[in-house]
Amino acid sequence: MDRRRRKPTETAQVAMKRRSLNLLNFLFTCCVLIAAIKITNGDFTARINKISVDLNKALGDALELDGPNYTELLENSTYYSQNSFNPKGMGGLYNITTKFMDLIMPKDIYPEGLLKLENGKVEFGSLEEQWQSILTHYGALLAILIILVLFAVFMPLCGFCLCCCRCCGNCGARSKPFDKKGDLCRKICLASLLIIVGTLMLFGVVCAFVSNQHMQDGTNELPDNWRTTLKDTDTYLESTRNQIDVLLKTNYYEFKDLLFDTLDKCSNIVLEQLIEYSKATALTEVVRIVDGLEDIKANLTFMKAATNDLRTNASQLNDALRKVKGDLLQILNECSRLSECNELSDKYISQLGTDIDFNNLPDISEEINNLSSVLDSDIQGTVKEGQQAFDSIRIGINKTISSQIPQVKQSVEKAGREITAGGSNVTSVLKKTREALHNFTDKPLNDVNRYLKEYSPYRYYIGLAVSCILLLITICVTLGLICGICGKRPDAYSDDCCNKGAGSRFLMIGVAIMFLFAIILALITIIHIFVGILAQRLVCDSLRNPNDSQVIDLIDKAKYLKNVVGVDVNIGWALSSCNTNSSIYKVFKLESHFNLEEIDTYLEKFEINKTLTDLTNQINANTSVVILNPDAKKHLEDLVESGIADIKYDKFTDELARNLTSVDLGFLADKLDELVDIVREKVPSIPNLSTRLMLCSLHLRTYQSKFVEPMTGKSKELIVIAENLKIGLKFGKVSFAEAIHDLINELEAAQAYLKTNGSATMTEIATNFGHGIERQVRGYLNRVVNSTKDTVGQCGPMSAVLNSTLVATCDKILLPWNGFWFSILWCLILFIPTIILSVKLATLYQKYEPYPGPLVEAEYLYDAYADRDNIPLNSSMNDKRSKKKYKKKPKRYDGRGAYSAEPSSEHGIPREMPGGSHYQDARYADMAPKHWEEFPAGGPPQYQRAPTEYERPPPYYYPGTEQQ
């Protein structure tokens with residue numbers, strides 16, 4: 001147990017000893033650091049890397065190490081191009097049209113190998129070798145165009161054939177008078193299909209009208225949009241030129257002026273750094289103090305004279321106030337029965353007098369004499385001898401570098417001229433671009449504007465006429481459906497104009513219009529398809545996807561930009577770079593005109609580094625100078641002994657801050673004026689009492705203006721001078737003596753440092769100075785390189801201009817153009833089902849009676865549409881004569897539409913039917929044979945043929961005399 005207890009105790013003691021030893025080491029280290037700081041006059045840490053820090057600070061003040069205050073490359077131009085596009089509800093049509101074009105025409109405008117560029121000229125490949133690829137490439141488009149051509153050719157022919165067929169009574173021209181068993185279902189189905197087809201056609205008609213109007217609106221806006229984009233292009237080129245001028249001229253002159261001014265002040269900068277590092281700044285402080293001694297003497301002399309004047313004036317003021325006080329006490333005693341007099345006497349007059357004893361102010365005559373003695377000892381001359389000795393270092397530096405500074409300036413100017421020349425090359429490219437732009441756009445733009453104003457209305461009216469034709473067809477189909485579905489059956493005794501017969505005629509009118517105008521619509525569609533697809537693939541797709549465009553690639557291979565503008569760059573690269581807002585240097589690849597990589601070598605190319613090295617090597621001077629001689633030191637010590645800092649300036653401040661009089665004389669004069677009125681009213685028995693009070697009041701005001709106010713102003717001035725001397729003579733130290741002794745010590749230390757380390761320090765300062773100049777030169781060169789690569793002429797505005805142009809042409813004109821022909825093509829496709837359905841429905845709408853049933857239908861068929869069977873049952877049907885005799889005779893319509901037998905029949909009597917009449921139902925017809933030919937006038941006895949036409953609803957049946 002004892003061992004266990006003893007062991008922890010010993011361990012704790014060892015730990016405590018170790019902690020004590022560590023604490024002692026820490027305290028010893030702190031003491032050493034404090035002593036080192038004290039010994040080195042608080043400059044132990046400040047001297048670490050002081051040359052670099054101080055020099056960088058000085059160069060920062062002189063050179064503005066972050067760079068001169070360069071004029072910024074601001075882009076303040078205003079652009080007016082609009083990139084927004086509103087399809088106004090036609091986006092769906094445009095998307096469908098675009099997909100349809102992608103389906104029938106590939107993105108490439110021509111198959112590979114069809115066009116070749118040889119010797120700068122475009123040549124076509126062999127058709128024998130390329131026909132398969134051409135057919136594959138343009139097959140779908142050719143098929144569409146061929147189908148449209150065939151459509152244009154065969155539609156009129158088919159219409160003519162249908163017309164002839166119906167004129168012959170076929171093709172639905174003459175139908176049965178009553179519905180067949182399934183006609184109602186056929187009407188419903190065919191009408192439903194025709195409604196669907198008509199609705200689809202109506203969609204195409206609306207799209208045709210709207211796209212035609214949008215196309216015209218875009219055409220009308222096109223010249224203004226082009227002028228806006230051209231104006232924005234000029235603005236961009238002018239802005240880019242201004243940026244180049246600012247960067248390569250304005251910024252260069254800002255840099256050069258600052259750099260040359262710094263080189264001219266090279267010796268001053270080096271000397272100031274030498275002063276700063278060697279603590280010779282005390283010399284400047286001593287010189288400032290010595291130069292200010294005359295002012296100190298003048299202030300002390302003023303204080304002495306002012307104090308004497310205040311004493312004299314205070315004595316005179318005191319005597320005058322004593323006399324006024326006596327007079328007032330006597331006057332107020334005479335009116336003592338008045339409470340106002342007693343109150344004024346007790347409260348103010350009894351206390352009237354001066355409160356300041358100027359004799360308490362210190363006498364500074366001795367200090368002024370001592371200061372005069374110091375000044376007479378030529379302290380200023382002895383101190384300035386040290387300053388002149390220090391200035392000799394500057395003179396020596398100027399002599400050594402006077403031959404090198406012009407060389408540095410010359411090298412910098414050579415580099416500047418080279419940079420300016422490169423900027424001029426870039427500016428010339430911009431000028432050529434602008435000239436080429438105007439050469440290729442001004443005259444064509446005027447011509448296009450003139451042509452558009454003159455001819456675009458014709459295209460608009462053609463498109464409007466086409467749309468109206470389609471609308472007319474749709475209206476006819478619509479009216480046919482409305483009349484056919486909602487109208488009554490045709491009836492000879494009804495005047496209903498919107499019956500099913502009218503619907504039939506409306507449908508056939510629509511069919512006739514489709515046949516008549518199919519060729520015109522097809523030709524217009526062919527022209528629009530060809531122009532629209534060619535423009536879309538050749539212009540719009542090429543400019544919007546320049547990297548995948550065969551046209552752009554072909555132009556690039558022809559070196560179009562190099563021939564026009566003088567820059568060897570691909571249009572695809574330029575357009576894609578503009579879209580990413582790259583600078584004009586990157587867009588046009590201007591390395592051949594202004595090689596920025598070479599700018600980085602200008603320091604070596606123009607020997608700027610070498611001249612700066614020679615300059616810094618020449619910076620040297622004799623630093624073993626005496627900046628504080630014994631006489632100057634003695635005069636400074638005499639200055640301390642002069643006692644100017646020991647004057648009790650607080651005494652002046654405290655005494656002079658008090659009021660000069662116990663009572664404000666102006667206030668007391670006002671009180672006396674008030675008492676005068678009271679005395680005149682209440683004590684009229686003493687006539688001269690008020691006059692005497694007024695005289696005392698006048699005296700008080702006179703003393704206030706003559707003595708109190710000037711003395712108060714002079715007192716305030718003395719207070720300010722005393723406070724300034726009290727603070728200023730300490731020079732940031734505890735006392736004036738300490739400040740002077742510290743300055744003397746610093747000057748002695750600086751003098752010793754200059755003798756031992758002055759040359760090495762100067763060499764270090766010169767080296768850092770050269771590096772600072774080099775950094776400034778390199779900073780400007782880097783600014784030129786970086787700004788030219790990334791900032792100057794950022795191409796975003798040109799991308800906006802291009803997009804605006806594409807919106808004005810491709811989106812506002814070409815999209816409606818393609819939508820227009822797609823709408824017409826859509827309607828043409830629907831023509832065929834519309835014609836078929838319309839013809840069938842027209843035939844069904846012509847029937848007059850509903851379905852009568854199968855038995856009646858058989859009877860109708862037997863009576864109305866076959867010769868009546870009057871042959872005896874025992875007659876042989878194989879008898880040829882009988883067959884010939886009873887052969888069915890052909891029937892025809894006469895000119896007025898009445899049904900009659902052949903005129904060649906000798907027994908057939910034609911029966912005239914009134915126009916527009918209808919046949920009677922067979923159920924009401926007289927089925928018995930009549931032999932009216934045996935009677936006169938072809939009728940029963942006493943029958944007279946009526947002058948009017950014979951009217952009877954169908955079917956008409958007259959067997960003739962052979963069937964008796």
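Read the figures in this text as sums done on the coordinates, not as results from a lab. Bear in mind the structure is a predicted one, so any value in this text is a computation, not a measurement. Backbone-built Cβ (ideal geometry, glycine too); neighbour counts: all protein chains shown.
What FRET efficiency, computed as 1/(1 + (r/R0)^6) with R0 = 41 Å and r the Cβ-Cβ distance, is obtained for GLU418 and GLU764, rounded to the nearest 0.05? Show your work: numbers first, answer last.
On the way: r = 33 Å, r/R0 = 0.80.
The calculated FRET efficiency here is 0.80.
Once the piece of chain linking PHE203 and ARG701 is laid out straight, how much longer is it, given 0.36 nm per residue of separation minus the C-alpha distance between them?
Between PHE203 and ARG701, full extension yields an extra 168.5 nm.
Nearest 0.05, what FRET efficiency do GLU129 and LYS231 give at R0 = 56 Å with Cβ-Cβ as r?
0.70
Given 10 Å bins starting at zero, what is the percent of C-alpha pairs of region 145-268 in each, up to the one with the largest pair distance?
The distribution over region 145-268 is 9, 11, 18, 12, 9, 8, 8, 7, 6, 5, 3, 2, 0, given as percents.
For region 382-395, what does the Karplus curve 6.51 cos²θ - 1.76 cosθ + 1.60, with θ = phi - 60°, yield as ³J(HN,Hα) per residue in whole Hz, taken in order and with x for Gly and Pro?
3J(HN,Hα) across region 382-395, in whole Hz: 5, 5, 6, 4, x, 5, 5, 5, 5, 5, 5, 5, 4, 4.
Calculate, in nm to one decimal, what ASP261 and LYS249 gain on full extension: separation in residues at 0.36 nm each, minus their alpha carbon distance.
Residue separation times 0.36 nm, minus the Cα-Cα distance, leaves 2.5 nm.
With a cut-off of 20 Å, note down the residues of region 652-670 whose backbone N falls inside the zone around a label point 7 Å from the Cα of SER350 toward its beta carbon.
Under 20 Å, as judged by backbone N against the label point of SER350, lie 661-665, 668-669 of region 652-670.
Quick check on my link table: of LYS256/LYS399; LYS249/LYS586; LYS789/LYS812; LYS323/LYS716, which ones sit more than 30 Å apart, alpha carbon to alpha carbon?
Table pairs above 30 Å Cα-Cα are LYS789/LYS812.
Quick one: order PHE731, PHE822 by neighbouring beta-carbon count within 10 Å, fewest to most.
Ascending Cβ contact count within 10 Å gives the list PHE731, PHE822.
Within a 10 angstrom radius of the beta carbon, how do SER211, SER350 rank from fewest other beta carbons to most? Each step should come with its number before you reach the end.
Working: SER211 26, SER350 15.
Ordered from fewest to most neighbouring Cβ atoms within 10 Å, SER211, SER350 come out as SER350, SER211.
Grab the Cα-Cα distance for SER592 and ASN757, subtract it from 0.36 nm times how many residues apart they are, and report the gain in nm with one decimal. Don't skip to the end; give the middle numbers.
Numbers: separation 165, 0.36 × 165 = 59.40 nm, distance 5.26 nm.
Contour length minus the Cα-Cα distance gives 54.1 nm.
Say R0 is 51 Å: what FRET efficiency, to the nearest 0.05, do LYS605 and LYS107 get from their beta-carbon distance?
The calculated FRET efficiency here is 0.55.
Once amide H atoms are placed 1.01 Å from N in the peptide plane, what residues at a sequence separation of 5 or more from THR661, or on another chain, have their amide H within under 5 Å of its amide H?
ASP355
If I histogram all Cα-Cα distances within region 716-830 using bins 10 Å wide from 0, what percent of pairs lands in each bin?
The calculated distribution, bin by bin, is 10, 12, 11, 12, 11, 10, 8, 7, 7, 6, 5, 1.
Fewest Cβ neighbours within 10 Å first, please rank CYS578, CYS165, CYS497 accordingly. Display every interim value, and only then the final one.
On the way: CYS578 23, CYS165 13, CYS497 9.
So the residues, fewest neighbours to most, are CYS497, CYS165, CYS578.
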